[in-house]
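Working notes, beginning with the structure itself.
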Amino acid sequence: MDKLLPTLGILAVVVIVLALAVVGWRRRVRRDSGAGGGYSTPGTLSAPTAEAEALYVATTKAGQHLERLALPGLAYRGKATVAVRPEGVGIAVTGESPVFIPAAVVTGAGLASVAIDRAVERDGLLRLGWTTSGGTAADTYFRVVDPAGRAQVAAAIEQIVPNDKEV
């Protein structure tokens with residue numbers, strides 16, 4: 001009986017913290033629903049010019065690497081495949097719906113060292129700049145472990161950026 005009350009107290013605190021986390025995440029998803037997300041995949045796609053296995057880190061508001069966007073298909077961190085084609089960039093995060101980003105809305109690619117809660121060595125993250133279907137400027141971050149693969153994907157993305165946009 002001496003241990004029952006402290007155990008119930010700790011259990012209550014854990015349940016409250018988990019409930020608050022769920023409520024907070026649902027609010028974020030609701031808040032970001034206006035941002036849209038990816039686009040529908042075209043019926044026919046060319047062969048990938050670059051493809052890499054990566055760790056999907058996060059999607060944030062452009063230029064605000066600590067402000068996460070909870071977009072459909074890009075809400076949770078996980079293993080991913082990034083495929084760059086002349087038509088755009090395909091992102092398939094394990095356990096999520098695939099996301100397609102047309103070349104017309106890609107604003108650039110670059111290297112970064114920090115996003116949300118992930119800090120890595122200098123230029124250890126690949127940043128993909130794009131505009132969501134709701135018109136929100138976004139940056140999506142990947143951790144491509146192989147430096148050659150990271151450089152290849154970044155170069156392929158820069159090749160599909162429309163000429164009227166800055167890289």
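Every read-out reported here was derived from the displayed coordinates using simple, explicitly stated rules and does not represent laboratory data. As the structure is a computational prediction, the values presented were derived from the model and not from experiment. Neighbour counts are summed over all protein chains in view; Cβ atoms, including those assigned to glycine, are modelled from backbone coordinates with ideal geometry.
Based on alpha-carbon positions alone, could you give the equivalent ellipsoid semi-axes of the chain from the gyration tensor, as √(5λ), descending, whole Å?
Working: eigenvalues 247, 61, 41 Å².
Its equivalent ellipsoid spans semi-axes of 35, 17, 14 Å.
Taking only Cα atoms, what is the 0 to 90° angle, nearest 10, from helix 4-32's long axis to the longest principal axis of the chain?
So the helix axis and the longest Cα principal axis differ by about 30 degrees.
For the residue pair L111 and A148, what label-to-label distance in nm results when each label sits 7 Å from Cα along the Cα-to-beta-carbon direction?
My value for the distance between the label points is 1.6 nm.
Are there any trypsin sites (Lys or Arg not before Pro) in the stretch 34-137 that are in a DSSP loop and have at most 11 other Cβ atoms within 10 Å? List them by number.
On the way: sites: K61, R68, R77, K79, R118, R122, R127; in loops: R77, R122.
Here the sparse-neighbourhood loop sites are R122.
Please sort by residue number the chymotrypsin sites (Phe, Trp or Tyr not before Pro) in the stretch 65-157 whose DSSP state is loop and whose Cβ has at most 16 other Cβ atoms within 10 Å. Present the calculation step by step, with values, prior to reporting the outcome.
Details: sites: Y76, F100, W130, Y141, F142; in loops: Y76.
Taking the stretch 65-157 and a limit of 16 other Cβ atoms within 10 Å, the loop chymotrypsin sites (Phe, Trp or Tyr not before Pro) found are Y76.
Given a Förster distance of 30 Å, report the FRET efficiency between S133 and V23 from their Cβ-Cβ distance, rounded to the nearest 0.05. Intermediate results must be reported in sequence, preceding the final value.
Details: r = 26 Å, r/R0 = 0.88.
Given R0 = 30 Å and the Cβ-Cβ separation, E is 0.70.
Note down the magnitude of the dipole of the stretch 1-90 about its Cα centre, charges +1 on Lys and Arg C-beta and -1 on Asp and Glu C-beta and zero elsewhere, to the nearest 20 debye. Mind showing how you got there, number by number?
Working: 11 positive and 6 negative charges, 70 e Å.
Dipole size: approximately 340 debye.
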